[in-house]
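Notes for the one structure printed next.
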């Protein structure tokens, strides 16, 4: 290799390395670090008597919204309130007795199954227990 | 320039400036610039109108920065403060919002006029590409600015918009985390969008706009196929003065819209509240929103939203590459296929946008 070629190669790779050493930290800085969230397996959604039949409530389940529904027959159902289509927060429609996502008109039944509209999957279902006057929701 | 050059530059302030900046070069260029006159000349005014509205955005945006606070605890309240307490705050904020919408509208009309007049023909391919990139940057301005008031509509629009980016196969998760500043839409997302809106996008716009304007000056205004060489109009002062009349009308329209229909603030975002009924994005994203709404959960075993997002991506790419795909433009012919395709795209976007605003079930 001639001295000229060596110098070209040396300067070229040096400039490349310098650019990489500047750009890499910027690139890494732009992407937020993986902060592990505390795993929430259980939350108190409401107190007994807070909900009348055919009513619902969105409550925090860790950092995410969940929905507690008291069916017309008085039974409780709880699901993740995050729509499986594009992440909007769903609500309960007492008039239709279905769970509704207002963003893109998606519907789920009271078992959490996607029944119409664009949602591709059912809602994540939670277990509901009533203990000492509190309605406790936990991951199944 | 030497001392002898000073004598060439002439006496007075003009001579002083000329010796130091060579300003006569720019003035000569401006005086030599002409605009073709034909039955489609009116479409040439849209570029200047877009630039004018962008200037309004920069000016009102800087004024809003003086009071806006970019944290999820204070953003909504700071806009409330601007709207109710700061003298003429309501006017500045409403003009910023209305002007943003008019800007996107004029930009779309400008783009489609360039498309149908085939102004992207050789050697103006890169002028088209920079213009198309500017359109994407303006849409990014709209999307990032929409979140800044931290209201319910903005919260869910951002939730959906970033989830769309997150659905892209392969790099979706990276894009979602990059845009949201984490897994979910939080105050961190607001800070990030604020930085993108007031620093990153203006820097990108400045670079692209300079390049776009430079290319427009380099090649001059395109004469559409079929319009033979003929009459022209001097840019300075004839065309520029006509431009100014349009800008005065636009300013009046903005003031009237801001005064008669002040931009609403809505309710503060609550991450634990359900998405309200009637939720929809800004009108210029409406056609994509409606498409995603109409697509079923699965099409041929593939999630409907993925098909929609893939189609938007391919459509955007074809749009940017139009000058390179339209082969008949080489022969300076009107390419009927591209004209029909453009008309179909406009019709689709218009119908889908109207559907967003039609009252429907439930």
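The values are calculated or read from the model by the stated rules, or taken from the named source; none is laboratory data. A quick note: this is a predicted structure, and the numbers were derived from the prediction, not measured. As a convention, Cβ positions derive from the backbone with ideal geometry for all residues, glycine included, and neighbour counts pool all protein chains shown.
Observations on the structure shown:
- One residue stands out among those in region B:271-292 that are in contact with a strand residue (DSSP E or B) (Cβ under 9 Å, 6 or more places away or on another chain) and either without any contact (Cβ under 8 Å) to a residue 12 or more places away in the chain or more than 9 Å from chain A (Cβ to nearest Cβ) (or both): the one that is surrounded by the fewest Cβ atoms within 10 Å (Cβ to Cβ), which is B:277.
- Given (1) more than 14 Å from chain A (Cβ to nearest Cβ); (2) out of contact with any strand residue (DSSP E or B) (no Cβ under 7 Å at 6 or more places or on another chain); (3) crowded, with 18+ Cβ neighbours inside 10 Å, number of the condition residue B:151 does not satisfy: (2)
- Residue in region A:65-75 that is outside any strand (DSSP E or B), crowded, with 21+ Cβ neighbours inside 10 Å and at the interface with chain B (Cβ under 9 Å from one of its Cβ atoms) present: no
- Residue B:274 being at pLDDT below 90 and not in a helix (DSSP H, G or I): no
- Inter-residue pairs, beta-carbon under 7 Å, first facing chain A (nearest Cβ under 8 Å) and in region B:172-184, second at pLDDT below 90 and in a helix (DSSP H, G or I), 6+ apart: B:178/A:30
- Residues within region B:74-90 that are in contact with a helix residue (DSSP H, G or I) (Cβ under 7 Å, 6 or more places away or on another chain) and surrounded by fewer than 19 Cβ atoms within 10 Å (Cβ to Cβ), tallied: 1
- Of all residues in region B:245-262, those that are in a helix (DSSP H, G or I) and either within 12 Å of another protein chain (Cβ to nearest Cβ) or in contact with a helix residue (DSSP H, G or I) (Cβ under 9 Å, 6 or more places away or on another chain) (or both) total 10.
- Matching residues in region A:98-122 - criterion: being more than 9 Å from every other protein chain (Cβ to nearest Cβ) and not in a strand (DSSP E or B): A:109, A:110, A:111, A:112, A:113, A:122
Yes/no per residue for (1) within 14 Å of chain A (Cβ to nearest Cβ); (2) closer than 26 Å to residue B:53 by Cα:
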residue	(1), (2)
B:264	no, yes
B:269	yes, no
B:294	yes, no
B:299	yes, no
B:310	no, no
B:344	no, no
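- Flag if residue B:54 is touching a strand residue (DSSP E or B) at 6+ places or on another chain (Cβ under 6 Å) and buried (at least 19 other Cβ atoms within 10 Å of the Cβ): no
- No other residue among B:190, B:211 is within 14 Å of chain A (Cβ to nearest Cβ) and either touching a residue at least 40 places away in the same chain (Cβ under 8 Å) or within 30 Å of residue A:84 (Cα to Cα) (or both) apart from B:190.
- Inspection of region A:29-45 finds a residue satisfying the criterion of being loosely packed, with under 10 Cβ neighbours inside 10 Å and part of a helix (DSSP H, G or I).
- Those residues of region A:82-92 which are within 7 Å of chain B (Cβ to nearest Cβ) and either in a loop (DSSP other than H, G, I, E, B) or free of Cβ contacts under 8 Å to residues at least 12 places away in the same chain (or both), in sequence order: A:85, A:86, A:87, A:88, A:90
- Looking only at residues of region A:42-64 that are more than 14 Å from chain B (Cβ to nearest Cβ) and at positive phi, we find that the one that is modelled with the highest pLDDT is A:54.
- Among residues that are exposed (fewer than 10 other Cβ atoms within 10 Å of the Cβ) and more than 14 Å from chain B (Cβ to nearest Cβ), residue A:3 is included.
- Any hit, region A:83-92, residues being over 18 Å from the mean Cα position of the chain (by Cα) and surrounded by 16 or more Cβ atoms within 10 Å (Cβ to Cβ): no
- When residue B:202 is tested against (1) at the interface with chain A (Cβ under 9 Å from one of its Cβ atoms); (2) in contact (Cβ under 8 Å) with a residue 24 or more places away in the chain; (3) assigned to a helix (DSSP H, G or I), exactly one condition is not met: (1).
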